[in-house]
Every structure is written in C-alpha cells, then in structure tokens.
4 protein chains.
Amino acid sequence: MLVTMAVAEPDNAARRAPRVDAIRNREAIVRAAAEVLAEQGAAVDVREIARRSGVGMGTLYRHFPKKEDLVQTVLRQDFSRWAESARQAAIAAEDPWAAIADFYEQALTGYARHRAIVENLALTWSDPDLEGIQQLRLVIEELCARAQAAGLLRPGVTTDDLLLLLVSLGHAVQVTDECRPRMWRRLLHISLDGLRADRGEPLPGDDVSVH
Amino acid sequence: MLVTMAVAEPDNAARRAPRVDAIRNREAIVRAAAEVLAEQGAAVDVREIARRSGVGMGTLYRHFPKKEDLVQTVLRQDFSRWAESARQAAIAAEDPWAAIADFYEQALTGYARHRAIVENLALTWSDPDLEGIQQLRLVIEELCARAQAAGLLRPGVTTDDLLLLLVSLGHAVQVTDECRPRMWRRLLHISLDGLRADRGEPLPGDDVSVH
Amino acid sequence: MLVTMAVAEPDNAARRAPRVDAIRNREAIVRAAAEVLAEQGAAVDVREIARRSGVGMGTLYRHFPKKEDLVQTVLRQDFSRWAESARQAAIAAEDPWAAIADFYEQALTGYARHRAIVENLALTWSDPDLEGIQQLRLVIEELCARAQAAGLLRPGVTTDDLLLLLVSLGHAVQVTDECRPRMWRRLLHISLDGLRADRGEPLPGDDVSVH
Amino acid sequence: MLVTMAVAEPDNAARRAPRVDAIRNREAIVRAAAEVLAEQGAAVDVREIARRSGVGMGTLYRHFPKKEDLVQTVLRQDFSRWAESARQAAIAAEDPWAAIADFYEQALTGYARHRAIVENLALTWSDPDLEGIQQLRLVIEELCARAQAAGLLRPGVTTDDLLLLLVSLGHAVQVTDECRPRMWRRLLHISLDGLRADRGEPLPGDDVSVH
DNA sequence: GATGAATGAGGCTTCATTCAT
DNA sequence: GATGAATGAAGCCTCATTCAT
C-alpha cells in the first residue's frame, strides 16, 4: 500500500512540479520574444531571445519547434491583447464617436510601436492567416456600425477603410516614436476629422479621385 | 604584354578609356539596385543586384565598398526623383489645393511602392542623414505655405504633418498594393478632407487630444 | 511526509517495492528500444525510445547512462535470441544439411531485417566485443562440423565462411525486404549449392583466386 | 583600339583564369568528398569535407548548394567509375565465365569498400533514382546473357540475382575489409560455383525453398 | 579595372545528456 | 526512483565582403 502511495504520489507531484518550471520558462520565452520582436521585428536572432529569456536554445526549441512558431505565438497573443485593449477603450467611451477616437488612441498608443506587429499587418493584409486581425476587424466593424447608425460617421466609409487607417497610422507611430512621440496624434486628429459625417459629402467608391 | 602597353599609353587614353566602362557599370549597378530595392527592400542579397546589373561582385564592390553605400546612393537618387516628380505634379496644378492633392497623388502613385524608400523613411525620420528627404520637405514646405496663404489649409497644420502623412500613406500603399491597389486613395481623400481649412477649428498643438 | 514514511519503512519493503517498478521499466525500455533499433537502426533519437517505452528520459538514462549502453544491451539480447532461434531451427532438422539450410532460413527470416543487428554485424566483425556473435559462431561451428563429418559440406569451408555468408545475406535481406521480400532466398539457394560437397573441388585457402 | 583590346582581352582571360581555380577547387571538393564518403558514409560533417579539400564552407556551397548535391555528384561519379572499371575487367576476359568472375573480382576489389556507395545501393534498390545503378545493371545484363548463351550460367539466374549478389558481397567486403581483407574472395568463389550451369538443376522461381 | 570564386562569421535546428522537481 | 524539461555542442546553410586572376 505504501508502495502504491509512494509510487502514486510522486507521480502526481512529478507531473505538476516540472510543469511549473516549464510554464515559467515558456512564459519567459514568450515575454522575451515579445519584447525583442517589438523592438527589432521578426528578423532577430533566436539566440537573442534565448539569452533574454534566460533559457538555452534547446529549451526554446522544445517549446517552439520552429522560430516561426514562436513568432506566430507572440504575434497572436500581442494581436489579441492589442485588439482587446483597444476594444475596452472603445467600450468605455460615452458616445459612438468617442468610441472610435478612443479606440485609435488606445490602439496606437499601446501597440503600434510593436515592430513585428506592424510588419505583420503589412504581410497579413492580403493573406490573413493571422486570426488576430479578425478580432480587430470585428471591433472596428462594430464601431463603424454604431457610428454610422448615429449618423456620426461619414457615409461610404467602410471597415476596411478604418482598418487601413489603423495600419497606416501605426506606421506613423513607429516612424516618430523615438524623436517625436506625440506627433502621430496630430495625424490621427486630422484623419478623424476627415471621417466625420459633417464633412458633407459621402466618401466616393474605390475609384475615388482626389479632385 | 597588353598590360604593359596599356600602362605605356599616354595618361589621357589610359585614364579615359576605362572610365567610360566604369561609368557605364556604375550606372548599370545603380539601375539594377534601384529595381531590386524597390521590389524587395534593403534586405536583398547583393548577388541579386550584381546579377541584374550584369557585373561581377568585384565591380560592384569597387564602386560601392559597402552594401550600405550602394543602398544610400540609390535611395538618394530615388528620393530626389521622387521629390522632383511630385514637385512637378504640384507645379502643374491650377490652385494651391490641387497642388497638394496632385502632389500626394503623384508621390504615392509613383514611389510609395518602392519598398526600400518607405522602409527608409521610417528609419530616416529621426536620423535624417539622407539629404533626399530634405528635398521632399522643401516641396511640401512650399505647398504648405501656398495653401495656407490662400486660406485653404487648416491653420496649425505643419510641414512635418504633411510629411508624416506622406510616410503614413506610403505604408498604406505598400500594404494594399497587391490586393487592393486603389484602396489607398480613399484614405488620401479622407486625410485631405481633414486638412481643409473649412474644417472649422484649427489643428491644436502637439499635445492635441482627440476629443 | 510520504517520503519520510517511505524512508522509515523496513529496508525490505523500501528496497523491493521500487525495484519491481524499476525492473518493469527497464524491460519496457529494452523492449521499445529493440523495436526501434530493428526498424530504424542505431541512429534513432533516444526520445523515440523513451516515448515508445512510456518512460521519461531520466528513467531511461538511469538504467542506461549512455545511449550506447542501451544499444549494446538490446543488441546482445537480440543477438542471443537470434542465435537461439536459428539454433532451434537447426536442431529440429532431419539431417546435417537440412540443419544448415534451416539455420539460414530461420536466421535470415527472423532477424536479418533487424537494422541495428546487421549494422552492428558489420562493425563487430573486427572488434567482437559483442559476445552475442560468439553464440552464433558456436552454432555455426557445430553445424559446420556435423555437415563436414557427414561429407555434405564442401571441404575447406570454415565457420567464418558460413558466418560471413550469414552477414552478407543478411544485408541482402535488408536491401530487398521492402520491394522484393522473397528475393534473398534465391541468393541463399545459390550459395548453399556452392557450399555442397558435390561441388567437386574443395575450397582453396584465403589466397583463393576465382579462376 | 587599344582600349577595345585592353577591355576585350582581360575579358577573355578573366573568364578562363578564375575558372581554372574554380575547377581545381571543385575537383578538390569532389575528391575530398569521395574520400570521406568512402571512409565514413554519407553522415559526415560537411566541414570535414571542406577541411580536407582545403576550401571554405562558402566555396563548397557555391559548387554544391546542398550537401545532398555533393553526395549525389560523388556517388554518381564513383558509381560510374565503378561500373566502368568492372566492365573493363569483364571485357578483357577470355570467356564468358571468366568475364563474370573478373567482373565481380574487380567490382568488389575496387569500390565495395566505399561506404557511401554500399549505403546507397541499399537505399537505391527500391527507388533507383541513381542512374548509376543502371550502368551496372546493363553490364551485368550482358554478362548474364553471354554466359547463358554459352550454357555456362545456371538456368533461371537473372540479372537481379547477380546484382543482388554484388550488393550482398559488397557488404561482406566492407565487413571484412579491415581485419581479413581477402576473406570475401572465398564467399565469391562459393557463390560463383553455385551459379554455374553444371550445378545440374536450374534455379527455381521466387518461391524457391532451400529444400 | 573587371570578374566571380573564396571566405567565414552567424543564423536556424537537432539531439545526446544532465538536472531540478 | 521517476519525470520530462533544460542544456549546449554540433550540424546544415546563407550572405556580406575580400582576393586571386
């Protein structure tokens, strides 16, 4: 009986104990990777990630058999968090228009300096295998619908317009992040004004000419 | 023996002759590099450039001791051309506002799909060792001044705003170039509307809040 | 706490209990290793063995501190079984010649598809640290002696000849196992015919020329 | 004119000159690779090959973009040489039977100690993408036909039988090469005797039983 | 000067072995 | 004792740059 217990007990313990460490390591890896990917984009050396997370190469590759796996994991996570934080900001807003403004404010403040995310948004536009972008789309879709229903958003503006605006401004954030960190807000202000319904004329179709 | 002869020749002949070739080669290199950098960005293999220009690696490196040198040369040139073509479009416009619109139209149509340029605009913002961007600034500065003098441009909008808008939309162009090549025009339309003086309120300072 | 109890137990219980498990594990490891080594040869990943045996890497390495130890253990065991099964086939035969034929038949049918064994036979020939091969030798020696005494085996044929023939045909079995699984029997037939005493001339010595 | 000459001349020279070196290197690589592959099989470290051939990794990979390419090149070459040398030995023989004997003698003496070749023969049996083996087959086919026409080869023996015998004995050669380098000749002698027509009975089909 | 072959540091990945739980 | 996560030395391959011809 004791045997059984002695055997059974460590069994349970043995299964949970290492996992704590493994989880800690996995988290450390993801955290370090997120950091590094945000700073330097997806072209980083895997060793840099291993170094920063304090694990060996083998550990990293045990958790993420290919570099791409790690990158995708981090991007998915950061995308989700990004989308969620922006959504929260939108929800908290008083009116539909403030929701849009707060959404961009939060989205651009929070994550647009994440190099790998913006890199990936560019790649993903045509091939959205990254489910994350869908979350973002859903949020924007709702924002769009609400604002349009309230007659605040300029007719003809689509979800894709707002999404592309996000991507576009995201790039502006990256460009100015280091030397003029508040500058992008001016562009945002301008763009939002251009989106308002009181602009008068609805936005033409894809063949829109600027004249 | 031939070498001896070539060396024995008068300086004139000996020096001018190869230079013709050298110049031709240099041009071929720059041309090919511009092509490749536009298509694939600055991360391309140097061999690809050598291959397309039809010269050997040695020749390429004789003219440009570092890959970076070649990249800078090409970017400077393409930046200049870009600025110039956009300026021409602006000059040809009837009124100051059309000048701005045509400037963006031309700039975004012509060069924004140049991967290396947009890549570099991002890097260059903070460290403008690339004189090219200055040309662009000058053009924009003038556009800005004219439109403001005519009371068409929203007060408070700066040259940097317009420059950053260019960079930002440039990225949008790249993102959508392959699958929705006309989509960026919608963003441009929106942004230009946001820039119009009839927007009512002037654009606040850097501490602008979106509310 | 449980640990304390387990330690406090009389030596008998404390020592015997884990050993049951240990033995079971060791057997599982050896069994799985035999399978894998047979299928894939000695170049397999140790993890594959651990996986199939259902034990952790630590357990595996507790029993076999080096991969080589496990490989040798398995090979020794499989060699012995191989030799024994072939010996049984030989014993069951009616006459000395049938004993030889059945021996090869059994040996080649049963184990020659064991990749690691055939791999190892090659290495072992010069450095027979593998005692297993000795068992095989003993069987063959006896077969040889009986057949020669009965005047059935061609004079001059040695135990080493028969052993090398086994190795040689073993390779043929592996080569053809997947696409022409019966083909090796033709070679065996030919070789056995070449070994018969009625071949006329005795087999010359090592300096034998084929003419 | 001088210019033209000066430019044209080096052009020609420049194209041939480096090629001499390149060819020398390529040959050195292939030679070293053949050596190493023969000694250690296809699992060798690419660096070992680079080291032995006296070139850098880059040079090696310039000539052979993948390790597999180099391996295939060497194997094809060595296979061809092997087949050819064996064929020559066969051609030089007085009669059809001697041709067979000399063929095996030469084939086994010359190349069977080439680890990678024998490794590959095993893999290639089912998937003969290695054209080399076809050369060998052709030679054997002819030997077979001639000997059978002369009534020297046992009826029922096929080209595949002789080919498999070669592979089988090739393995025997490898096994015994270091400690008993002449021993394989005894097996060859035995096998050839088993192949002779005067063995009386023809060789049965694939379902041959040894009884 | 031109050529393109050569170089080798550095990037990704695997796997025998060790170690904390 | 058992577990399986962690380790890091190799192994394959790429590419900016140099060098012999």
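The values are calculated or read from the model by the stated rules, or taken from the named source; none is laboratory data. What you see is a predicted model; the values in this text were computed from it and never measured. For neighbour counting, all protein chains shown are included, and Cβ atoms are generated from backbone atoms with ideal geometry for every residue, glycine included. Just the protein is used for accessible areas: all its heavy atoms, side chains included, with ligands, DNA and RNA removed. Shrake-Rupley method; radii C 1.70, N 1.55, O 1.52, S 1.80 Å.
Side notes on the structure shown:
- Nm distances between copies for B:Arg180, ranked from closest, using label points 7 Å along Cα→Cβ: 2.8, 6.3, 7.9
- Estimated FRET transfer efficiency when R0 is 25 angstrom, pair D:Arg51-D:Arg24 (beta carbons, to 0.05): 0.90
- Karplus-derived HN-Hα couplings along the range D:59-75 (A = 6.51, B = -1.76, C = 1.60, θ = phi - 60°), whole Hz, x at Gly and Pro: 4, 4, 6, 5, 7, 9, x, 10, 3, 4, 4, 5, 4, 4, 4, 4, 5
- Remark: mean inter-chain Cβ contacts per residue of D:172-184 equal 5, using a 10 Å Cβ-Cβ cutoff to other protein chain atoms.
- Amide hydrogen neighbours beyond the local backbone of B:Leu153, cut-off 5 Å, H modeled: B:Gln148, B:Ala197
- Placing a label point 7 Å from Cα along the Cα-to-Cβ direction at C:Ala150 gives distances to the equivalent points in the other copies of 3.6, 10.3, 11.5 nm, listed shortest first.
- Nearest-10 value in Å² for the accessible area of D:Arg47, using the 1.4 Å probe: 140 Å²
- Global form of the range B:42-146, assessed from the alpha-carbon gyration tensor, a/c cut-off 1.5: prolate
- Partner lysines for B:Lys67 [C-alpha distance under 28 Å; skip if fewer than 8 residues away on the same chain]: A:Lys67, D:Lys66
- Residue and whole-Å distance for the chain C Cβ lying nearest the axis of the C-onto-B rotation are C:Asp45, 17.
- The three principal axes of the Cα atoms in the range D:71-202 give end-to-end lengths of 43, 33, 28 Å, sorted in falling order.
- Ligands, DNA and RNA excluded, the heavy atoms of B:Glu68 present near 100 Å² of accessible surface to a 1.4 Å solvent probe.
- Other copies of B:Arg24: label-to-label distances in nm, shortest first, labels 7 Å along the beta-carbon direction: 3.2, 6.9, 8.4
- Between the beta carbons of C:Glu178 and A:Ala197, assuming R0 = 60 Å, the FRET efficiency works out to 0.25 to the nearest 0.05.
- With all protein chains modelled, accessible area of C:Leu195 [1.4 Å, Å²]: 0 Å²
- Loop-resident sites, the range D:166-196, for trypsin sites (Lys or Arg not before Pro), counting at most 15 other Cβ within 10 Å (DSSP): D:Arg182
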